[in-house]
C-alpha cells in the first residue's frame, strides 16, 4: 500500500506546484498547436480525461483576452432585443481571437521564403477564416482586436486578416510562440505586429547592421574566380 502511494506521488511529481506554471504554458501551446510540444507531453495531454463532448478545449489566453474585451466594453449600451444577435457576435469574436493566435503560431508556414518562387507549399487550413465558421460576409464586421498590436482596439475582420497576413506571411517567417515565458512572447508579437513585420530603419542603422554582419567579410571568399557573377552568399549581400 505504502509503495503504491509513493509510486503515485513519484509519477505525478512533474505536476507539483513548482512546475505548475511551466505545465500550464505547455498546455497552452498544446491547445494552439499539438506539434509545438515534445512528444511525451503531447501524449500526456492527449490522455487527459474529457467531459465526453465533441468540443475541443479553449486555451486560457483566448478566454482571458475575451473577458478583458468584455470588461472594456461593459458600459456600452446594448439594444434591448439584440440578445441573440449579440450572443452570435460574441461567438464569432472568440473565433477571431483564435484566428489571431493561429497566425502567430503557424503564419510562418505560409510565408514567402523562396525568392525564386520554386518552393510551393499549401498554407495551413487554420489560417483561413472559414476554418472558424467565418465567411466573406463577416469581413466588414467590426471585432475587438484583443492583444493584437495594430494600434486600434477595434477593426473589421478584413483589417485584422490583412494585418496578420502582412505581418506573418510575407518574406519573414517568425516563430516565437514556443517560448514559455509569456513576457518574451508578447515582446516579439508587439515588435512584429506594430510594424506589420516591416520595421523602418534609417540609412545609418542599416549601414551599422550590414557592417556588423559577417557576410560582407566573406564577400571575397564567396566570389567565384574567373566569372562575372558572385556566388549565392555574395548575391544576397548585394541584394540587401
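A short reminder: the numbers here are calculations on the coordinates, not readings from a lab. Values in this document were obtained by computation on a predicted structure and should not be read as measured data. FYI the Cβ positions are ideal-geometry reconstructions off the backbone, even for glycines, and counts take in every protein chain you see.
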Quick one: if you stick a label point 7 Å off each Cα along the C-beta vector at residue 116 and residue 184, how many nm between them? 3.5 nm
Given a Förster radius of 45 Å and the C-beta distance between residue 152 and residue 39 as r, what FRET efficiency does 1/(1 + (r/R0)^6) yield to the nearest 0.05? 0.65
Using per-residue counts of other Cβ atoms within 10 Å, averaged over each peptide, order 105-111, 129-135, 190-196 from highest down. 105-111, 190-196, 129-135
Among 209, 94, 120, what is the fewest-to-most ranking by other Cβ atoms within 10 Å? 120, 209, 94
At R0 = 22 Å, how high is the FRET efficiency between residue 191 and residue 162 if r is their beta carbon distance? Nearest 0.05 is fine. 0.70
Can you work out the FRET efficiency for the pair residue 125 and residue 47, with r the C-beta to C-beta distance and R0 = 22 Å, to the nearest 0.05? 0.30
Using 0.36 nm times the number of residues separating residue 170 and residue 91, minus their current alpha carbon distance, what extension gain do you get? 25.5 nm
What is the distance, in nm, between label points placed 7 Å from the Cα along the Cα-to-Cβ direction at residue 210 and at residue 140? 4.5 nm
